[in-house]
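Report on one structure; see the data block that follows.
Values in this text are rule-based calculations from the coordinates and carry no lab data. All values reported here derive from a predicted model rather than from experimental measurement. Backbone-built Cβ (ideal geometry, glycine too); neighbour counts: all protein chains shown.
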Amino acid sequence: AAGGRCAPGLECVKSRQRRKAKGGAGPGAALPAASPPAVCLCKSRYPVCGSDGLTYGSGCQLRAASLRAQSRGEPAVSQRSKGACEQGPSIVTPPKDIWNVTGAQIYLSCEVIGIPTPVLIWNKINRGQYGVQRMELLPGDRENLAIQTRGGPEKHEVTGWVLISPLSKEDAGEYECHASNAKGEATASAKIHVVETLHEIALTK
């Protein structure tokens, strides 16, 4: 920035002086320290959504991407909105199949992400004789089943659990993690297998 001006969207900021002038006089005294140099920094230091549907860390990164696109003969990239671009939900960590005996305490977990942050629900899938399926929204009226949901662990993520205690034969079946927001939905499922003895678990898997 010294001797000139910053480009549009940048501001001139003086960098911190790292070394202090040493005191003293005479031939061995240090020369007065020069003025700290100035650098050009981006004015908008927050994420922005580009017209190409991609999220950029700042307006400056978006402008740089726009220049690269134009140099390739592609349309310029403009700022669609402040903040990250909206995106449909996706499953980060799906639930896993479980084998256990009656009376056990088990849980299924599911981690999803999306912008805006998705709403996560659980269903039990009941399949009919001809493949027709009915969704049972959980927890329903089940006394041995609970649903827990919390935000995180990362931004725009949600983690949910199905907790069953004690496990009964009626709990066997397929369970679906369903995430939705304004941009779409995503699902993942896992099965709970109820066996008679722990010995059966190794044989069944």
Could you point to the residue in Ile98, Ala69, Asn123 farthest towards the positive end of the stretch 51-188's charge dipole, with +1 and -1 charges on the Cβ of Lys/Arg and Asp/Glu respectively? Ala69
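Rounded, prolate or oblate: which fits the stretch 87-204 when a ≥ b ≥ c are the square roots of the eigenvalues of the alpha-carbon gyration tensor, with rounded for a/c under 1.5 and prolate only if a/b beats b/c?
Numbers: a/c = 2.07, a/b = 1.67, b/c = 1.24.
Prolate is the answer for the stretch 87-204, as a/c is 1.5 or above and a/b outweighs b/c.
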Karplus-derived 3J(HN,Hα) from phi for the stretch 150-158 (6.51 cos²θ - 1.76 cosθ + 1.60, θ = phi - 60°), whole Hz, x at Gly and Pro, runs 9, x, x, x, 9, 4, 6, 10, 9
Bins of 10 Å, beginning at zero and ending with the bin holding the largest distance: percent of Cα pairs per bin for the stretch 39-85, please. 33, 50, 17, 0
Table column - 3J(HN,Hα) (Hz), the stretch 42-50, Karplus curve with 6.51, -1.76, 1.60, x for Gly and Pro: 5, 5, 9, 9, 9, x, 9, 9, x
